[in-house]
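The structure appears right after this line, and notes come after that.
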Amino acid sequence: MNLSHHFLLSVPVVIEGYFEQSVVYVCEHDEAGAMGFIINHALDIKLGDVFKQMSVIPGSLKNVHRNVIRGGPVDPQVGFVIHSPVEKDWGSTLDTGHGVGVSTSPEALIAIAKDKAPEKFFVAVGYAGWGAGQLEHELEQNAWLHCPADTEILFDLPLDERFKAVSDRLGIDVNLIVGNTGHA
């Protein structure tokens, strides 16, 4: 099963800590492993802070107050721009084939600072990664629920509404899932 362009929803009774109450957008999944981004947890960092760190003067205040998202525990010092399709290739962009691109190019951040951003985007620091067979094992352990991704949830919903939106999309209330069952 290929889970590229799917959402993973953490199951609260199984996953605690870093991925607790998380929605992960899986942008790539194959026999070598999987890569994705937590899409519903903001850091206490704004894009303006990133622009300042890069010594880039923004063209306006349009994007400086947007939150940076905690994308995952792998490479937490690396920034990623997850975005809708763009006309200009920034050189280091993964096209998921589903209307979503992932770029690590500084040019992408400069474009955002200069008000030449893609129509829809967010910036994440770090990513979630799984080695060969690791995600499949976690799915067998019922740590994650999954469903096809929806770009409206990915880009348009406020961060604090994304977990419930994916839960609703799955047709479940994850708060009703219990970890233990009784025996009569």
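The values are calculated or read from the model by the stated rules, or taken from the named source; none is laboratory data. Keep in mind that what you see is a predicted model, and the values were worked out from it rather than measured. Cβ atoms come from the backbone with ideal geometry, glycine included; neighbour counts cover every protein chain shown. With ligands, DNA and RNA removed, areas are computed over all heavy atoms of the protein, side chains included. Shrake-Rupley method; radii C 1.70, N 1.55, O 1.52, S 1.80 Å.
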Self-check item: Longest site-free stretch - the chain; sites: trypsin sites (Lys or Arg not before Pro), DSSP loop, at most 16 other Cβ within 10 Å
Solution: 121-184
Quiz item: Say each of Glu161 and Asp44 gets a label point 7 Å from the Cα, pointing the same way as Cα to Cβ; how far apart are those two points in nm?
Solution: 2.7 nm
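Just from its helices, what would the mean residue ellipticity at 222 nm be for the chain, if runs of 4 or more DSSP H residues each count -39500 (n - 2.57) and the sum is divided by every residue, rounded to the nearest 500 deg cm²/dmol?
Numbers: 4 runs with 34 residues, N = 184.
Value at 222 nm, helices only: -5000 deg cm²/dmol.
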Quiz item: Whose amide H sits under 5 Å from the amide H of His41, counting only residues 5 or more places off or on another chain, with H placed in the peptide plane?
Solution: Arg70
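Tally Lys/Arg at +1 and Asp/Glu at -1 over every other residue whose Cβ is under 14 Å from the Cβ of Leu176; what's the total?
Computed value for this residue: -1.
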Quiz item: Measuring from label point to label point, each 7 Å out along Cα→Cβ, what is the Ile172 to Glu31 span in nm?
Solution: 3.0 nm
Quiz item: Quick one: with all protein chains in place, what share of the accessible area of the stretch 32-81 is carbon or sulfur, to the nearest percent (1.4 Å probe)?
Solution: 56 percent
Quiz item: Pick from His41, His29, His137: which residue has the top mean-square fluctuation in a GNM of the chain where Cα pairs under 10 Å get a spring?
Solution: His137
Quiz item: Which of Val11, Val100, Val56 moves most in a GNM of the chain, Cα contacts under 10 Å?
Solution: Val56
Exercise. Sequence neighbours fewer than 8 away in the same chain don't count; with that in mind, list the aspartates and glutamates whose C-alpha is under 12 Å from Lys114.
Key: none
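Quick one: length gained pulling Lys88 to Glu119 fully straight, 0.36 nm per residue minus the C-alpha distance? Write down the numbers at each step before the final one.
Details: separation 31, 0.36 × 31 = 11.16 nm, distance 1.26 nm.
Going from the current span to full extension adds 9.9 nm.
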Quiz item: Where Lys and Arg each count +1 and Asp and Glu each count -1, what net charge lies around Ala42 among other residues with Cβ under 10 Å from its Cβ?
Solution: +1
Practice problem: Kindly state, to the nearest 0.05, the FRET efficiency for Asn142 paired with His98, given R0 = 41 Å and r defined as their beta-carbon distance. | Solution: 0.95
Quiz item: For the chain, modelled as a GNM with alpha-carbon contacts under 10 angstrom, which of Ser60, Ser103, Ser22 fluctuates the most?
Solution: Ser60
Quiz item: So what's the net charge close to Asp89: Lys and Arg +1, Asp and Glu -1, counting the other residues with Cβ under 12 Å from its Cβ?
Solution: -2
Quiz item: Using a cut-off of 27 Å between alpha-carbon atoms, which lysines can reach Lys164, once sequence neighbours fewer than 8 places away in the same chain are excluded?
Solution: Lys46, Lys120
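Given a 1.4 Å probe, how much area per residue of the chain is accessible, in Å²? List each step's numbers first, then the result.
On the way: 9700 Å² over 184 residues.
On a per-residue basis, 53 Å².
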Quiz item: If you average 1/r over every pair of different alpha-carbon atoms in the chain and take one over that average, what Kirkwood value in Å do you get?
Solution: 17.1 Å
